[in-house]
Amino acid sequence: MSGARLAEVELPDFGMPASMPVIPESIYRDRMDRLRKRAAERGLDRIVVYADREHSANLSYLTGFDPRFEEALLVVGQDDEPAILVGNECWGMADAAPLSMRRHLYQDFSLPSQPRDRSLPLDEILGQEGIGAGSRVGVVGWKVFDDSGIIDLPAFIVDELRRLTGSIGAVENAADILIGAADGLRVINEVEQLAYYEWAACHTSSGVRRVLAGIRPGLTEQEAVRLLEWNGTPLSCHLMLTAGPRASLGLLSPGDRPIERGDRFTVAFGIWGALNCRAGFVAEGPADLPAEINDYVSRLVAPYFEAVAEWYGALHVGQLGGVLHEIVDRHLGDPFFGIFLNPGHQIHLDEWVNSPVGPGSDIELASGMALQVDIIPATGTEYFTTNIEDGIALADSSLREEMADRYPDTWGRIRARRLFMRDSLGIDLHPDVLPFSNIPAYLPPFLLRPDRVMTMIG
């Protein structure tokens with residue numbers, strides 16, 4: 001592999017899916033069965049899954065239902081149909097979920113000052129669901145902690161569970177069952193879920209592509225963000241697009257500031273199952289930058305792209321997360337680059353599930369994992385940053401055959417992206433790697449010349 005350089009590269013039109021893949025009810029039933037099996041192996045009588053608007057992915061994965069405006073609580077035993085506790089406004093929506101659930105109206109999940117005159121107290125509902133003295137309860141919030149006694153749910157729920165079971169130790173954090181980086185239920189995906197991710201990635205990456213092609217001085221940030229053409233699919237994070245001084249903060253929403261030549265620029269677009277991000281300068285080339293950073297490409301972008309290319313090339317089923325971390329550290333370990341987050345993580349309906357990538361990690365990447373290429377330099381200098389965020393999946397030969405057989409159009413786009421990355425960017429992927437983005441590793445550092453991108457081909 002030669003060094004990275006800037007070159008004119010034509011980005012193909014990889015196409016768009018005709019329709020959104022749907023997760024069938026049978027998949028949700030299977031997920032519930034696997035959850036019960038994991039709970040039994042841990043000696044847990046009940047699993048309690050909490051959700052709110054920001055943290056709904058675990059519940060949605062299990063049931064196909066995500067609460068709107070309110071919180072919700074799923075109680076899963078070994079034998080009965082699962083039960084869902086919802087407030088006033090989610091009562092009907094929960095009944096329409098793909099997975100059949102018994103419903104409890106729990107109006108304290110409703111918005112402030114709404115009626116609270118028709119539901120039982122929380123302890124009575126949980127008691128009806130078999131939680132009592134001697135029960136062992138695994139609680140799923142949205143984080144895993146080293147201490148399983150730390151539970152990231154509202155205190156009034158945790159306090160009630162501990163009072164009912166009669167022991168603080170009888171209630172434990174069980175989020176790892178769903179999001180453990182090595183084998184959590186949500187980090188190993190079915191082919192149906194992967195096909196949905198590819199659908200989502202087509203929309204987010206094509207939106208970012210429109211921004212890269214359409215950005216120009218004089219547009220306001222709010223005008224530029226319309227180029228994403230968000231179709232209403234639930235967002236996994238707020239829309240991010242900023243230019244100028246605010247771009248260095250990264251996570252901000254667009255404002256009404258006009259974009260200027262020479263501005264720093266960043267855009268990120270995430271919906272359930274996918275996120276794409278690019279960052280650079282609103283410029284045609286080094287002449288549009290301050291003189292002290294006219295080596296922007298050689299100083300920052302080229303070594304960054306070389307790290308990303310080697311990271312991509314090292315991906316395969318069975319690879320260790322520590323190897324991926326070492327690659328990035330070897331290329332970008334100098335403090336100048338400011339890499340401090342995990343260089344890569346797992347993605348699901350939520351943008352960050354967990355990460356097998358870290359110093360010395362012996363977690364093996366597995367078939368069915370969906371991963372985010374997410375290596376972010378934070379230089380804190382006038383060089384600003386550069387960024388590729390795209391989604392991929394890992395699939396062994398059996399899973400690849402299933403994808404090709406059941407989703408031939410999806411498979412055709414995946415194959416076309418692999419060929420583009422090899423023939424135009426010099427990134428040769430292992431057969432296990434399935435790129436989902438319609439701008440796969442496509443990185444133009446100067447956004448007014450989106451046809452000039454980084455490549456490893458000399």
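In this structure, ARG257 qualifies as touching a Lys or Arg at 6+ places or on another chain (Cβ under 8 Å), open to solvent by 30 Å² or more (accessible area, probe 1.4 Å) and either of a type in the set (Phe, Trp, Tyr) or touching a residue at least 12 places away in the same chain (Cβ under 8 Å) (or both). Only one of the numbered conditions (1) closer than 22 Å to THR266 by Cα; (2) among the β-branched types (Val, Ile, Thr); (3) assigned to a loop (DSSP other than H, G, I, E, B) is violated by ILE388, and that is (3). Listed by first and then second residue, the pairs with beta-carbon distance under 9 Å, at least 6 apart or on different chains, first residue in region 1-18 and assigned to a loop (DSSP other than H, G, I, E, B) and open to solvent by less than 30 Å² (accessible area, probe 1.4 Å), second at pLDDT below 95 and not acidic (Asp, Glu), are VAL9/ILE457.
Considering region 209-224, the residues that are crowded, with 20+ Cβ neighbours inside 10 Å and in contact with a helix residue (DSSP H, G or I) (Cβ under 7 Å, 6 or more places away or on another chain) include one that is farthest from ILE388 (Cα to Cα), namely ALA224.
Matching residues to (1) modelled with pLDDT of 95 or more; (2) within 15 Å of ALA181 (Cβ to Cβ); (3) open to solvent by 10 Å² or more (accessible area, probe 1.4 Å); (4) of a type outside the set (Gly, Ala, Ser):
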position	(1), (2), (3), (4)
GLY313	yes, no, yes, no
GLN319	yes, yes, yes, yes
LEU324	yes, yes, no, yes
GLY338	yes, no, yes, no
GLY344	yes, yes, no, no
SER361	yes, yes, yes, no
GLU364	yes, yes, yes, yes
THR386	yes, no, no, yes
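Here the condition is being among the aliphatic types (A, V, I, L, M), touching a helix residue (DSSP H, G or I) at 6+ places or on another chain (Cβ under 6 Å), part of a helix (DSSP H, G or I) and open to solvent by less than 60 Å² (accessible area, probe 1.4 Å); of ILE151, ILE157, ILE177, it holds for ILE177 alone. Of the residues examined, PRO356 is not one that is surrounded by fewer than 23 Cβ atoms within 10 Å (Cβ to Cβ) and in contact (Cβ under 8 Å) with a residue 24 or more places away in the chain.
Within region 416-435, track down each residue that is more than 26 Å from ARG5 (Cβ to Cβ) and not aliphatic (A, V, I, L, M).
PRO431, ASP432
Only residues that are out of contact with any helix residue (DSSP H, G or I) (no Cβ under 6 Å at 6 or more places or on another chain) and not in a helix (DSSP H, G or I) were counted across region 19-43, and they come to 5.
With respect to being of a type in the set (Phe, Trp, Tyr), more than 21 Å from the chain's Cα centre (by Cα) and surrounded by 15 or more Cβ atoms within 10 Å (Cβ to Cβ), TYR296 fits the description. Exactly one residue among ASP334, ASP374 is acidic (Asp, Glu), buried (at least 20 other Cβ atoms within 10 Å of the Cβ) and closer than 28 Å to ALA247 by Cβ, and that residue is ASP374.
A residue that is over 25 Å from the mean Cα position of the chain (by Cα), surrounded by fewer than 23 Cβ atoms within 10 Å (Cβ to Cβ) and not basic (Lys, Arg) cannot be found anywhere in region 430-438.
Scanning region 325-351 for residues that are under 23 Å from SER397 (Cα atoms), in contact (Cβ under 8 Å) with a residue 40 or more places away in the chain and either assigned to a helix (DSSP H, G or I) or not hydrophobic (A, V, I, L, M, F, W, C) (or both) yields GLN346, HIS348.
Does region 119-138 include one or more residues that are at pLDDT 95 or above, open to solvent by less than 20 Å² (accessible area, probe 1.4 Å), in a strand (DSSP E or B) and of a type in the set (A, V, I, L, M, F, W, C)? Checked region 119-138: at least one residue is at pLDDT 95 or above, open to solvent by less than 20 Å² (accessible area, probe 1.4 Å), in a strand (DSSP E or B) and of a type in the set (A, V, I, L, M, F, W, C).
Across region 207-248, what is the number of residues that are among the basic types (Lys, Arg) and within 22 Å of PHE436 (Cβ to Cβ)? Within region 207-248, residues that are among the basic types (Lys, Arg) and within 22 Å of PHE436 (Cβ to Cβ) number 2.
Residues being closer than 14 Å to GLY250 by Cα and more than 21 Å from the chain's Cα centre (by Cα) are entirely absent from region 393-405. The lone criterion from (1) at pLDDT 95 or above; (2) open to solvent by 50 Å² or more (accessible area, probe 1.4 Å); (3) within 30 Å of ALA40 (Cβ to Cβ) left unmet by TRP230 is number (3). In region 233-247, of all residues being open to solvent by 60 Å² or more (accessible area, probe 1.4 Å) and touching a Lys or Arg at 6+ places or on another chain (Cβ under 8 Å), the one that is nearest to GLU292 (Cα to Cα) corresponds to PRO245.
The values are calculated or read from the model by the stated rules, or taken from the named source; none is laboratory data. If you're wondering where the values come from, they're calculated on a predicted model, not measured in any experiment. Ideal geometry is used to build each Cβ from the backbone, glycine not excepted, and the neighbour counts take in all protein chains shown. Surface areas here come from the heavy atoms of the whole protein model, side chains and all, with no ligands, DNA or RNA. Shrake-Rupley method; radii C 1.70, N 1.55, O 1.52, S 1.80 Å.
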